[in-house]
Amino acid sequence: MRTRRSKPKSNVGPKEPGDYSKVVKKIQDVADFDPEVKVVLYGKPGTGKTTLAASFPQPALLIDISEKGSDSVRDVKGLKVIRVTEWDELEQLYWYLLANPDDIKSVILDTMSYAQELAIKCVLEQHGKGTGEGQLGGWGTMTKGMWGEVSSKLKPFITNMRDLEEMNVVFIAHDRVFNADDEDDNAGSIAPSVGPRLMPSVASTLNAAVGVIGNTFIRERFKVIGEGKNKREKRIVEYCLRIGPHAYFITKVRKPKGVDMPEVIVDPSYEDILELMTGEGK
């Protein structure tokens, strides 16, 4: 004769309803939800990456990672800066930001390309290797396992910074051409392509972590002004953000369906990016 087994009691869920009024107050219309902007800006030096990042809501913290790019934003009120030269300092800054969410509205990491060099330096020092000029990631100085250690430092750091609540986070990087024979985690990706200058697996993590990826560049054009003998060409220099889908440059914007995506934004700002993400500018 079979004995009927009793169903195990579930421990899932609260035993008592409790006071849910506090959590209910956090419910809001999605149209009124002001998203945190997590963005990657990459491009050649001098193309306006730091200037664009400095337009994000203040108070902002510019983490100057061996870039010394703060000179171009000295006149920005509410912008604080700290220069870091060691990987441990970056990790300490993360814990400070996590513990003090009300101190800073926007965090700018300038640049992630140099942050990678700090991670390489840290790994080399842990293995008793030299860290002089030409030794940071140079040919023959790093084993495959050491590169894995660098990756294991950068990837969690990127996701942790991205997950900072109620803060905008701007990751700045130099640009790099990725070729078909590069070791990359993105199987089937377009090659060659241009993206943030990081080791491929780390670049893949960074690109997936954010809602916006933009490429900064300078566009030069000429405009004819005047008439008759006074007619002449005027050189116009525009600082641009390549944001729309592109066959060569890596770009991305998570936006509402139906929002038209411009290929390029001239003199871009935080407000321009926010409008695309929320659909306010459609």
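Condition check ((1) assigned to a helix (DSSP H, G or I); (2) modelled with pLDDT under 75; (3) of a type outside the set (Gly, Ala, Ser)) across all residues:
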| site | (1), (2), (3) |
| --- | --- |
| 1 | no, yes, yes |
| 4 | no, yes, yes |
| 8 | no, yes, yes |
| 12 | no, yes, yes |
| 15 | no, yes, yes |
| 26 | no, yes, yes |
| 45 | no, no, yes |
| 50 | yes, no, yes |
| 55 | no, no, no |
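I'm trying to understand the selection: among the residues of region 245-262, which are touching a strand residue (DSSP E or B) at 6+ places or on another chain (Cβ under 6 Å), farther than 8 Å from residue 276 by Cα and of a type in the set (A, V, I, L, M, F, W, C)?
249, 250
Which ones in region 205-243 are without any contact (Cβ under 8 Å) to a residue 40 or more places away in the chain and under 16 Å from residue 278 (Cα atoms)?
243
For region 265-274, give me each residue that is buried (at least 16 other Cβ atoms within 10 Å of the Cβ) and out of contact with any helix residue (DSSP H, G or I) (no Cβ under 6 Å at 6 or more places or on another chain).
Once the filter is applied, which keeps residues that are buried (at least 16 other Cβ atoms within 10 Å of the Cβ) and out of contact with any helix residue (DSSP H, G or I) (no Cβ under 6 Å at 6 or more places or on another chain), region 265-274 yields 270, 272, 273, 274.
From (1) surrounded by fewer than 19 Cβ atoms within 10 Å (Cβ to Cβ); (2) at pLDDT 95 or above, pick out the condition that doesn't hold for residue 216.
(1)
The values are calculated or read from the model by the stated rules, or taken from the named source; none is laboratory data. Since we're looking at a predicted model, the values are computed, not measured. With ideal geometry, Cβ positions are generated from the backbone for all residues, glycine too; neighbour counts draw on all protein chains shown.
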